[in-house]
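Heads up: the structure comes next, in structure tokens.
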Amino acid sequence: MYASREDIGYDFGDESKVGSKPIKPNPNIDGGWAWMIVFSSFLVHILIMGSQMALGILNMEWLEEFNQSRGLTAWVSSLSMGITLIVGPFIGLFISMCGCRTTAIIGGILNALGWILSAYASNVHYLFLTFGVTAGIGSGMVYLPAVVMVGQYFQKRRALAQGLSTTGTGFGAFLMTALLKYLCTEFGWRNAMFIQGAISLNLCVCGALMRPLSPRYLSEKSVVRSKSEDNQAKALSHSTETIKSNGVLGEEPEKKEEATNEEVLESVQHTEIGGSSKGGRNMYGLRVLKTVSQLTVTVRKGFALWYSSYFGAASLFTNRVFVAFIIWALFAYSSFVIPFIHLPEIVRQYNLSSQNNVFPLTSIIAIVHIFGKVILGIISDLPCISTWNVFLMANFTLVTCILTLPLMQTYVGLAVVCAVIGFSSGYFSLMPVVTEDLVGTKHLANAYGIIICANGISALFGPPFAGWIYDITQKYDFSFYIAGLLYMVGIIFLLIQPCIQKKQPREKSTDEAQV
């Protein structure tokens, strides 16, 4: 049975009520300030994801400086990349309470602090705390808002907008690799990290550009999207499970919570007026009470939304395809991260350093990655193309390349495989789009936080695992084979779950029958 638009997870409200009032679209939706949001997100991807993709340069410096095993040293890079993504669900709580702008600015300060403190590291374990944890948490506090804001500002060209913004990863990997290599050669790796920390303060500027949309425009955006994407939702329904079939992410409790909060604020305001009439003796205390009450309301509302999304009766985990998506994310990201961390050393083992210095393999991945994100985004926005199918095809191509990479021992062969890896990994720009199609705009921050958390776990254990396998076998071949096979298991979960759902017809819900 085909799923309705509501099955995809959009929050449409009462269409009869919507039709009675003319909708005045925000000029910044799909235009205007929306492109500044894309630019801000683009810079965030350069400074965060691009820098992390260039950590192979610093990894070699750390190996020489501290004389530790490859497995232990790789934990520094993997902690930074992993924690950036693992903290996603908790950053969703910050976004619910403080908004994307404030969260991103605080994250920019933390990220810069982590880089600067790492310049004074005396051992690898010190880097675990400063670079892995501090810089990682700061990166996560900027990265998730950058993705969520693009999803809020676009409805017709979401895949293209996400593709353009996330091309910053490719540009960043190319630029930061060259920058870190130059800084390490000229000033040493410690001064290089100090300078990179100063550059990372620009993340605060990126956060300041994340101007929030009003709640009224967010709700109107959901209504307009329900009409403009009817065909796309039907296409996606072939391979998605419904949230409302297992429990509606209802808004009634939230409305009651808002009513209670408004009553609290009104009572405080009445008290403040009464105090003013008595001569203003308690004005200062009343203002403090009002501020505390407003802060309490904001925290309670944000926590209620965050808690209901994860642990409520109608949580995101009742969506079976979304759960399969999480399982896929647990295995997928390490296959993309391992080449960036270990390719510089693999090239040195194959005696290809002279050719690699002319044009590094990681730079090939980064450059082609840019085109992959844009092209896959454009293809996915075509009305006759299913984003889900493009996403799956790109995954199949990438896992094939990961399994093929150990067989290539010449620079040309490695370059070709790396180019295909870069293009097929462009599916990263489709992840927010697929997530939003599954759960809706309202729950995008929490849902995408879960997905990148799973990616973070994959990135956390992938590079150290590859280093550990090398310490045992003295070869990286088995690292790629095992990572590729686990990646394939995740893809199979994505394929099996929709097929199971097609065999289990369900009764139409009341809301669906009304539509």
Among the residues in the range 97-116, are any assigned to a helix (DSSP H, G or I), surrounded by 22 or more Cβ atoms within 10 Å (Cβ to Cβ), among the hydroxyl-bearing types (Ser, Thr, Tyr) and out of contact with any Ser or Thr (no Cβ under 8 Å at 6 or more places or on another chain)? yes
Out of everything in the range 163-196 that is in contact with a His (Cβ under 9 Å, 6 or more places away or on another chain) and either of a type in the set (Val, Ile, Thr) or not assigned by the TED database to the domain that holds GLY132 (or both), what residue ends up being surrounded by the fewest Cβ atoms within 10 Å (Cβ to Cβ)? THR167
Being among the polar types (S, T, N, Q), open to solvent by less than 40 Å² (accessible area, probe 1.4 Å) and outside any helix (DSSP H, G or I) narrows GLN68, GLN155 down to just GLN155
Restricting attention to the range 404-421, and to residues there that are open to solvent by 50 Å² or more (accessible area, probe 1.4 Å) and in a helix (DSSP H, G or I), which single residue is modelled with the lowest pLDDT? LEU407
Pull up the range 330-365, narrow it to residues that are of a type in the set (Gly, Ala, Ser) and more than 31 Å from the chain's Cα centre (by Cα), then point me to the one that is least open to solvent (accessible area, probe 1.4 Å). SER353
Consider VAL390 carefully, then state whether it is over 30 Å from LEU352 (Cα atoms) and at pLDDT 85 or above. yes
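Residues are listed down the side, and each one gets a yes or a no for (1) under 30 Å from SER386 (Cβ atoms); (2) of a type outside the set (Asp, Glu); (3) under 18 Å from the mean Cα position of the chain (by Cα); (4) in the same structural domain as GLN152 (by the TED database):
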site	(1), (2), (3), (4)
GLY440	yes, yes, yes, no
ALA447	yes, yes, yes, no
ALA454	yes, yes, yes, no
LEU460	no, yes, yes, no
ALA466	no, yes, no, no
TYR470	no, yes, no, no
THR473	no, yes, no, no
PHE493	yes, yes, no, no
Among the numbered conditions (1) open to solvent by less than 50 Å² (accessible area, probe 1.4 Å); (2) modelled with pLDDT under 90; (3) under 19 Å from GLY31 (Cα atoms); (4) assigned to a helix (DSSP H, G or I), tell me where CYS206 comes up short. (2)
Do we find that MET431 is open to solvent by 20 Å² or more (accessible area, probe 1.4 Å) and out of contact with any strand residue (DSSP E or B) (no Cβ under 9 Å at 6 or more places or on another chain) in this structure? no
Cβ-Cβ under 6 Å, sequence separation 6+ or interchain: first residue in the range 441-470 and in contact (Cβ under 8 Å) with a residue 40 or more places away in the chain and farther than 12 Å from TRP75 by Cβ, partner of a type in the set (Asp, Glu) and outside any loop (DSSP other than H, G, I, E, B). Which pairs? LEU444/GLU436
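Take VAL374 and tell me if it is assigned to a helix (DSSP H, G or I) and within 21 Å of ALA454 (Cβ to Cβ).
no
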Quick one: in the range 487-515, of everything that is within 14 Å of PHE331 (Cα to Cα) and open to solvent by less than 80 Å² (accessible area, probe 1.4 Å), which residue is modelled with the lowest pLDDT? LEU494
State all residues of the range 433-455 that are modelled with pLDDT of 80 or more and closer than 18 Å to ASN395 by Cα; if no residue qualifies, say none. VAL433, VAL434, THR435, ILE451, ALA454, ASN455
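Give the residue, chosen from ALA447, ALA459, that is under 15 Å from HIS342 (Cβ atoms), open to solvent by less than 10 Å² (accessible area, probe 1.4 Å) and assigned to a helix (DSSP H, G or I).
Just a single option satisfies the conditions, and that option is ALA459.
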With respect to the numbered conditions (1) touching a helix residue (DSSP H, G or I) at 6+ places or on another chain (Cβ under 6 Å); (2) farther than 25 Å from ILE365 by Cβ, which one is the sole condition not fulfilled by PHE187? (1)
Could you check ILE370 against (1) of a type outside the set (Ser, Thr, Tyr); (2) at pLDDT 85 or above; (3) touching a helix residue (DSSP H, G or I) at 6+ places or on another chain (Cβ under 7 Å) and say which number it fails? (2)
In the list SER96, SER40, which residue meets the criterion of being touching a Leu at 6+ places or on another chain (Cβ under 6 Å), within 24 Å of HIS369 (Cβ to Cβ) and small (Gly, Ala, Ser)? SER40
List every residue pair whose Cβ atoms sit under 9 Å apart, with the two residues 6 or more apart in sequence or on different chains, where the first one lies in the range 89-114 and is among the aliphatic types (A, V, I, L, M) and the second, anywhere, is open to solvent by 60 Å² or more (accessible area, probe 1.4 Å) and not in a helix (DSSP H, G or I). ILE109/LEU201; ALA112/LEU201
Pairs where the first residue, in the range 29-55, is touching a residue at least 40 places away in the same chain (Cβ under 8 Å) and farther than 21 Å from SER139 by Cβ and the second is assigned to a helix (DSSP H, G or I) and open to solvent by less than 20 Å² (accessible area, probe 1.4 Å), C-beta under 7 Å, 6+ apart: ILE29/TYR153; ILE29/LYS221; ALA34/TYR153
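The values are calculated or read from the model by the stated rules, or taken from the named source; none is laboratory data. Predicted, not measured: the structure shown is a model, and the values here were computed from it. When we count neighbours, we look across all protein chains shown, and the Cβ atoms used for this are built from the backbone with ideal geometry, even at glycine. Remember, those area values only see protein heavy atoms, side chains included, never the ligands or the DNA or RNA. Shrake-Rupley method; radii C 1.70, N 1.55, O 1.52, S 1.80 Å.
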